[in-house]
1. Across the residues of A:236-242, average count of Cβ atoms on other protein chains within 10 Å?
2. Calculate, for residue B:281 and residue B:83, the FRET efficiency according to 1/(1 + (r/R0)^6) with r their C-beta to C-beta distance and R0 41 Å; round to the nearest 0.05.
3. Where does helix B:282-293 land angle-wise versus the long Cα axis of chain B, in degrees 0 to 90, nearest 10?
4. Per residue of A:203-213, what is the mean number of Cβ atoms on other protein chains within 10 angstrom of that residue's Cβ?
5. Once the mean 1/r over all distinct Cα pairs of the protein assembly as shown is inverted, what Kirkwood radius in angstroms do you read off?
6. What is the calculated FRET efficiency for residue A:297 to residue B:222, with r their C-beta to C-beta distance and R₀ = 35 Å, to the nearest 0.05?
7. To one decimal place, what orientation-averaged projected area in nm² is obtained for the convex hull of the Cα set of chain B?
8. Using the 10 angstrom Cβ neighbour count as an exposure proxy, how do A:180, B:235 rank, fewest first?
């Protein structure tokens, strides 16, 4: 049993856990000492949310090997459902942290269900259909939430696609206001819960990947025909990875939304999906630590570049190109590889 | 059920006298595989037509024929990569017409591929464990929460995988990446992975392709040894006549999707129809040559 714990993958996993924990401790101590700029302080929760988005998309793109271009759609579902939960539970659950956790769970569940519904027709097919369907899905979700009105009164929830058709009691509260999004949110998201969410997602992903189900998922990525021939039900395992990934994106969306006093559906558009995909590609497919670093760095970068004012996005693009070039430069790679745990294991034997 | 799983590799490895190869030994038992009037059309092209075959419980059967004769198509029909247009396949007496590839594997057919299909980015051990996939008894949550069952089943899977790798002396390669293995080892790993699914019929698609004579000789020993250890039927496609004539007990010759001959190696060797399919008609060639000369 002890030997199992010492394998290369477990060592890499613990390195990732250690890195995230260390980062959390350092940032918390800086914040406690009062040395943190308000810019960075405001970015802590979005960083957590984007890190979770990146590792969850990495599960779909890197581990399962399917391209999803609508990951922000799941984030949107999680954000709206999670925030609604947080508002609805305001009088029931007193502790804001507990309410936040409830919101994350509800966001994850709803996003997971939506992921399942999207997956039913698409994951049976082979090829790039998932990319096309998720691309459309992201836009559909955006349109739905832009036209959805949801109110709460003593009779429960009222839902309509027209604001004058809610039939609420006069004291009822409008939660989702169509194109106005959700307003008047109590900002209950905090860095510690965000850190907790990252750790939970990492544990789930690593444990999943290093189990029977994870092996099957990676087998489908490597060779679908061979996976079928050894008796692996393809659709089931594709669905498992995709729904897990969608649920995590939902939790990330709820965390992200509860950090702002107001947000609209347009926040979670195609650009957000592509941004998360950039984190994943930049960090390396299947490399969770890479995704985490890329998500954190690229979330801070636009804020840190504010001093360049109108050249901000230009510098951002140049940094992206430089990082890609450096990552693929053989000389620099071999230099860094010396510090990394060798990936091939006992291949030279 | 778990009791059965636990003993799986041990119970199946019953040594049997390999010298006493008698095709009649399976005569009193029902055949493991029966094909009746099997056929498939691709559009207007009939790739296989009226294919009838029976394979005994512990027989090593050979499927030979010139390139494009439809040999791999038959393997694809047996494993349900293609659905047959006509006819039926009975595996151990059960009709497989409603089954998918993955269900056929669970019912007992495992295969290797002509162009090697391994899970290249995974380790050798993981490749074998994927073969054991349906014999590992914990689900997604057992893995995510690392329940006691996970540790027990994974440790057991590790032992089974190592035992299977031992057949080909590959246990020292367990942690290597499958894609980084030399060609011969990749072929062997594919056979180990197929065996891990606990088949009753093993399909080998050109197992000796690209091997030198000494490797082929070793492979021949190994195929016979596998049959003896696991008491399974083996059906193989091969162009190497030394291998086919050396270990196959029954041979079926295909040409243009039709069975042209069936029988023991000696019968096949002297069958004029087979010789014609492989080498062409004697008279025709001579006539052509004469015509050219003249």
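1. Working: counts 2, 2, 0, 0, 2, 1, 0.
That works out to 1 on average.
2. Numbers: r = 36 Å, r/R0 = 0.88.
E between residue B:281 and residue B:83, to the nearest 0.05, is 0.70.
3. That helix lies at roughly 60 degrees to the long axis.
4. On the way: counts 3, 3, 1, 1, 8, 4, 1, 5, 12, 16, 8.
For peptide A:203-213, the averaged partner shielding equals 6.
5. Working: mean 1/r = 0.0356 Å⁻¹.
The Cα-based Kirkwood calculation yields 28.1 Å.
6. With a Förster radius of 35 Å, E is 0.10.
7. Values: hull surface 75.1 nm².
Taking the Cα atoms of chain B, their convex hull projects to 18.8 nm² on average.
8. On the way: A:180 14, B:235 26.
The fewest-first ordering by Cβ neighbours comes to A:180, B:235.
Here, each number is a calculation from the coordinates, and none is a lab measurement. Because the structure is predicted, anything quoted here is derived from the model rather than measured. Virtual Cβ from ideal backbone geometry, glycine too; neighbours counted across all protein chains shown.
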